[in-house]
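K.L.:
The following block contains the structure, expressed as structure tokens.
Computed from the coordinates by the stated procedures, all read-outs in this text should not be read as laboratory data. Keep in mind that this is a model prediction, so the values were computed, not measured. Reconstructed Cβ throughout: ideal geometry from the backbone, glycine too, with neighbour counts over all protein chains shown.
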Amino acid sequence: MVKLATARESRMYGPRRVRNRWEYTNAGLYLFATVLLIGGLAAQFSDAGDSKSGLVVILIALGVTTVVNLHDLTAHVAGIDYRWSLMKYDLQLALVEFAVPCVHALGSILIFLGIGLLLVQEEKHHDFGFEQHALNLLIAGPALWMLGSVHDLCQYYERADGHVQILQKGVQIPFLLGSLLFLLGGILNTHGHFGLTQQGLKLLSKTWVWLGISGSLLFFIGGFINVTKVFKMQQMDGSRLEKLRGRAQEWLSRAREGQVPLILEDQRRRRIQAEEPTPYKDVLLSQP
């Protein structure tokens with residue numbers, strides 16, 4: 001459901017002490033959001049008033065997860081000094097560190113919109129004709145969560161020890177299964193016996209609620225393991241953290257040292273010299 005921390009050396013929340021504080025804050029906020037999500041879904045078994053309050057709590061939880069994803073995305077791109085061209089050297093940087101937070105944030109926004117439409121309809125007691133759109137959003141959002149979770153599973157470590165890799169899988173697998181349960185809940189919700197003759201909260205079936213609670217519990221487990229992983233990574237020295245692959249790490253280091261302009265200028269100068277005519281050399285080479 002969210003990318004969260006990574007064992008990349010290039011992650012950047014600020015100076016070391018600030019980075020550690022923000023990583024714990026990110027992990028704690030996500031864990032708090034999962035608790036809100038569980039509570040909001042459980043409130044759907046109560047009366048109408050509590051159900052509406054529960055939807056508001058769910059919207060708050062989705063808002064928090066969106067902020068956490070966007071902040072995590074900022075940390076990754078700030079770690080490479082916003083040099084987007086480095087992604088062509090390291091595909092994992094593009095498909096995992098960049099794509100996963102974007103996809104997860106977009107998925108949370110879509111679910112937020114779907115629940116928001118149902119809540120507006122419940123409050124106004126008016127048929128706006130967007131019931132099908134709301135139900136489709138409750139499928140599209142988890143589908144993006146699933147896509148992001150699959151991408152996240154593509155992340156592999158070369159330097160990190162086995163303990164960190166186990167913790168990483170302990171975060172990724174619950175997120176994948178939780179997203180799958182939300183996706184199944186959204187699909188089954190559109191094929192329930194209530195059809196589209198209902199409005200507002202009545203469009204949310206008990207099956208969707210139960211699968212949502214189960215998925216949220218998995219998100220909570222993944223978030224709790226992530227807190228442990230953050231603590232573990234902060235104890236690791238820099239030599240055991242993941243470098244950028246391909247030539248991305250080399251280019252980033254040279255750029256930070258101000259060497260890239262000189263290298264590019266030297267390459268340009270050599271190319272020009274190679275293209276310049278050399279009559280004397282050509283005469284010598286042409287002689288038998």
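K.L.:
Per 0.36 nm of contour for each residue apart, how much would the distance between Phe45 and Ile187 grow if the chain were fully extended, relative to their Cα-Cα spacing? Let's see the in-between values first.
P.N.:
Values: separation 142, 0.36 × 142 = 51.12 nm, distance 2.01 nm.
So the chain would gain 49.1 nm between Phe45 and Ile187.
K.L.:
Quick check: residue separation of Ser253 and Tyr157 times 0.36 nm, minus the Cα distance between them. What number comes out in nm?
P.N.:
32.5 nm
K.L.:
Under a point spin-label approximation (7 Å from Cα along Cα-to-Cβ), what is the Ser53-Val67 distance to one decimal in nm?
P.N.:
2.2
K.L.:
If I model a spin label as a point 7 Å beyond the Cα along the Cα-Cβ vector, how far apart are those points for Asp81 and Lys206 in nm?
P.N.:
6.0
K.L.:
Hey, another quick one. My understanding is that a pair violates if its Cα-Cα distance is over 25 Å; which of Lys124/Lys206; Lys206/Lys229; Lys88/Lys232; Lys169/Lys243; Lys88/Lys243 do that in this structure?
P.N.:
On the way: Lys124/Lys206 23 Å; Lys206/Lys229 34 Å; Lys88/Lys232 30 Å; Lys169/Lys243 19 Å; Lys88/Lys243 15 Å.
Beyond 25 Å between Cα atoms: Lys206/Lys229; Lys88/Lys232.
K.L.:
Which of rounded, prolate, oblate describes the stretch 29-105, given a ≥ b ≥ c as roots of the alpha-carbon gyration tensor eigenvalues and a/c under 1.5 marking rounded, otherwise prolate only if a/b is larger than b/c?
P.N.:
It is prolate, given that a/c is not under 1.5 and a/b is the larger ratio.
K.L.:
Note the full-extension length gain between Lys169 and Arg17 as 0.36 nm times their separation in residues minus their Cα-Cα distance, in nm to one decimal.
P.N.:
Numbers: separation 152, 0.36 × 152 = 54.72 nm, distance 2.65 nm.
Extending this stretch completely gives an extra 52.1 nm.
K.L.:
Testing the spin-label approximation: label points 7 Å from Cα along Cα→Cβ at Glu123 and Lys232. State their distance in nm.
P.N.:
4.4
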